[in-house]
Amino acid sequence: MNAFTAIIKQTDGKKITIIIEKADGNYSAYCSEVPGCIATGATEEETYKTMMDALKFHMEGMELENMPIELPQISVRQAELR
C-alpha cells in the first residue's frame, strides 16, 4: 500500500480541496488541509496534475517519518457578490 492509498484509508475516503489560482503567466495550487504542499503549472490542468504529484510525495514523506495523516474538516461555499 502506498501513502496515497493509506491517506484514503486513514481518512475514510474523505476528499480534500485543491485551490488553483491564476497568476501572471501561470497557475498556482495549494491545499489548506495539507499545509506546505503547493504546486505550479502553465495551465490549470497541468497545475492540478502537478499538485496531485506533490500531494502523493508529501504523504509518502509523512508515512516515512511515521507522522499521522490527519485532515482538518474544511467546508467551501461560493457566495454571490451583489
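The values are calculated or read from the model by the stated rules, or taken from the named source; none is laboratory data. If you're wondering where the values come from, they're calculated on a predicted model, not measured in any experiment. Don't worry about glycine lacking a Cβ; one is built from the backbone with ideal geometry, like all the others, and counts go over all protein chains shown.
Could you tell me which residue of the stretch 56-82 is surrounded by the most Cβ atoms within 10 Å (Cβ to Cβ), considering only residues that are under 17 Å from E21 (Cβ atoms) and in contact (Cβ under 8 Å) with a residue 24 or more places away in the chain?
Taking the candidates together, the pick is I74.
Condition first: within 16 Å of I16 (Cα to Cα), among the hydroxyl-bearing types (S, T, Y) and crowded, with 17+ Cβ neighbours inside 10 Å. Now tell me which residues in the stretch 26-44 satisfy that.
Passing the criteria: only Y30.
With respect to the numbered conditions (1) of a type outside the set (D, E); (2) assigned to a loop (DSSP other than H, G, I, E, B); (3) modelled with pLDDT of 85 or more, which one is the sole condition not fulfilled by A29?
Condition (2) is where A29 drops out.
Six or more apart or on different chains, Cβ atoms under 7 Å: show the pairs whose first residue is in the stretch 26-40 and under 16 Å from M62 (Cβ atoms) and without any contact (Cβ under 8 Å) to a residue 40 or more places away in the chain and whose second is of a type outside the set (A, V, I, L, M, F, W, C) and exposed (fewer than 14 other Cβ atoms within 10 Å of the Cβ).
Listed by first residue and then by second, the contacts come to C31/T17.
Looking only at the stretch 32-44, filter to residues that are under 11 Å from the mean Cα position of the chain (by Cα) and part of a strand (DSSP E or B); which one of those is farthest from P68 (Cα to Cα)?
Checked the stretch 32-44; the qualifying residue farthest from P68 (Cα to Cα) is A39.
Taking K49 as meeting all but one of (1) within 22 Å of S75 (Cα to Cα); (2) at pLDDT 90 or above, write down the number of the exception.
Against the list (1) within 22 Å of S75 (Cα to Cα); (2) at pLDDT 90 or above, K49 comes up short only on (1).
Here is a check on your reading of the model: is T5 at pLDDT below 90, of a type in the set (S, T, N, Q) and outside any loop (DSSP other than H, G, I, E, B)?
Spelling it out, T5 is indeed at pLDDT below 90, of a type in the set (S, T, N, Q) and outside any loop (DSSP other than H, G, I, E, B).
Just one of the numbered conditions (1) touching a residue at least 24 places away in the same chain (Cβ under 8 Å); (2) over 13 Å from T17 (Cβ atoms); (3) in a loop (DSSP other than H, G, I, E, B) is not true of T47; which one?
(3)
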